[in-house]
1. Give me the percent relative contact order of the stretch 266-411, please, defined on Cα pairs under 8 angstrom at least 6 residues apart.
2. Name the long-range amide H neighbours of residue 106: under 5 Å, sequence gap of 5 or more, or other chain; modelled H, no Pro or chain starts.
3. Take each of the peptides 323-330, 485-492, average the number of other beta-carbon atoms within 10 Å over its residues, and list them starting from the highest.
4. Which ³J(HN,Hα) values, rounded to whole Hz and listed in residue order, are derived for the stretch 541-546 from phi using the Karplus coefficients 6.51, -1.76 and 1.60 in 6.51 cos²θ - 1.76 cosθ + 1.60 with θ = phi - 60°, glycine and proline given as x?
5. List, in order, the whole-Hz ³J(HN,Hα) value for each residue of the stretch 25-35 obtained from phi through the Karplus relation with A = 6.51, B = -1.76, C = 1.60 and θ = phi - 60°; use x for Gly and Pro.
6. Would you work out which of 483, 365, 188 lies farthest towards the positive end of the dipole of the chain? Charges go on Cβ: Lys and Arg +1, Asp and Glu -1.
7. Nothing charged except the Cβ atoms of Lys and Arg (+1) and of Asp and Glu (-1): what's the magnitude of the dipole of the chain about its Cα centre? Round to the nearest 20 debye.
8. 5 Å is the cut-off here: which amide hydrogens, built 1.01 Å from N in the peptide plane, fall below it relative to residue 434, excluding neighbours closer than 5 in sequence?
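The values are calculated or read from the model by the stated rules, or taken from the named source; none is laboratory data. Here the structure is a predicted model, which means the values were calculated and not measured. In this analysis, Cβ positions are derived from the backbone assuming ideal geometry, glycine residues included, and neighbour counts consider all displayed protein chains. Keep in mind that these areas ignore ligands, DNA and RNA; they rest on the heavy atoms of the full protein, side chains included. Shrake-Rupley method; radii C 1.70, N 1.55, O 1.52, S 1.80 Å.
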Amino acid sequence: MEGNVNWIPLGILGLIVVIWATKFLTAIRLKQKLKKAWDGAPFFRKKDTEESLIDSLAYPAKGQTIDSQVDDQTWHDLALDAVFDQLNYTQSSLGAEALYQKMRLLEFQPQAQLHDLEAFFEEHPDLRLKVQVIFNQLGKKNHNMARSIVANPGKHYAGLPLYLALACLPIVCLFAIPFEPVGAITLLVISVVFNIVFSSLRNWSNKIRLDNVSYLVRIFASAERLSHLALPQQEELKQAVKPFKKTRILASVLQSPTGTSEMEIILLYLNVLFLLPQIAQVYIYNQVKAHQKEAQKLLDLLGEMEVAISLLRHKQDLEVVCQPVFTETGGIEGETLYHPLLSNPIANDVHFQKNMVISGDNASGKSTYLKTVAINAILAQGLGFAYGERLALPYGHVLTAMDVSDDIEVGDSYFITESKAILRMIQHLKELGFHYFFIDELFKGTNTIERIGSGLGIVRWLAAQNCLYMISSHDIELVAASGEVNDNYHFDSRYVDGKIVFDYQIKPGSAVTKNAVNTLESLHYPEEITQTAKDLIDQYEETGHWSLKEIEKE
């Protein structure tokens, strides 16, 4: 019996060797996958939920100046969630949250540090790959609340000495077995059972905080590993991570399940046996409370670093991209801007220095043009780049009213919902700074006369405010009458061999073509319908009124 128990410590050491060997091999495989993914190979990246990303907006960097926030309506109108997914090559939730914040919480200042980091990682691919491995091992965790804990660490927590004593007891018993087998084994069994029961009860009663603190522990451990790499922020990282260097001991076992590591089951049991979540919780909360500034600095540095890598990877797939120039006055000037979500986008120049009303045929490109300019204005300010050859603009708030719909739950009609969307723009003018407004089909939810009257009232009023508006409209009368306070542009089409042909190019002046009836013809509507429509349109253009009776007389 005594001879056999002497092998127990050696068995434990062997298990440790197996764990670390498995971890080492897993890291090698991960590095290979990330390297191939950078060159375009498929690579699974778990996505953060939108709800989790929205939660992170409540905890921007302490002291950060938020000059403008992209509101929900604008985010929805421009499908910026899809743009975010296209940009998002982050390996961790911390990086995804930082990217999301930059797209929604805008600062009216150049993104100099971000550009410098992109340039650095482009010049040092080996270092970039090492950084990616560290962020991948940090991993994803929805609603991790790391930013919340750093922003509000709460009170000082006691109990750390007790947790450490309970965690060390099974280890002491193992090494005491060769000297006092019966007593040591008995105490080992008691301590293991007690720790499992105690840890399970604590996890059950305090699950949310334990889950959340585990991710923050791993963030600090990742920062400590990054501080050993020759990165531009190495000295800043070293200084900020000093109060949290001991967390690396805990972080190696406090990992979120990813399905990619053979160690996860073993680590789960180690957590319970050695009370690691409880130790981490008390230690981290106390350290963050004492060193809140350094903790926030680490979140900012790591987040910025992964955003830079993500953008660098995204731009690798783009043929045309530019760094914007910010001016003091004027509007938006751009060359060959395009929409990032279209597979074969048509590029257009932008001369948005005066208010614009854009007319044109159905499906000719008006809405896409508005969205192209608005998306690039947001990304230029938030991420420091644009989809095009050149973009110059002053900083400003971007608000849209495009994809509105009736709200059945509150009983709002389409027109009421649309009116509320535009009213929020008017009310937002109270905020300091310049404004860019984008409205697709102004007041299309009401009758023609009131639509034109209300629309002209809006453009006349907005023309006198500290803003620029870009509005699309089908109304010939509204376009013509608004020409006194804004520039008119249009998109057009050609009807060739029974088909509508678009060039999707914006042109100065009001639209001169009409394709609604041609569209019906291309869909093979009965000729009686299309001919009647043509006759009525000709009649209206001659007389200024509509009448079916006069058509019947003919």
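1. That works out to 28 percent.
2. 67, 68, 69, 70
3. Peptide ranking by packing, descending: 485-492, 323-330.
4. 5, 7, 10, x, 9, 9
5. Calculated HN-Hα couplings, in order: 5, 4, 5, 5, 4, 5, 4, 5, 5, 5, 5 Hz.
6. Working it through, the farthest residue towards the positive pole turns out to be 188.
7. Once rounded to the nearest 20, the dipole reads 3740 debye.
8. It is 397, by chain and number.
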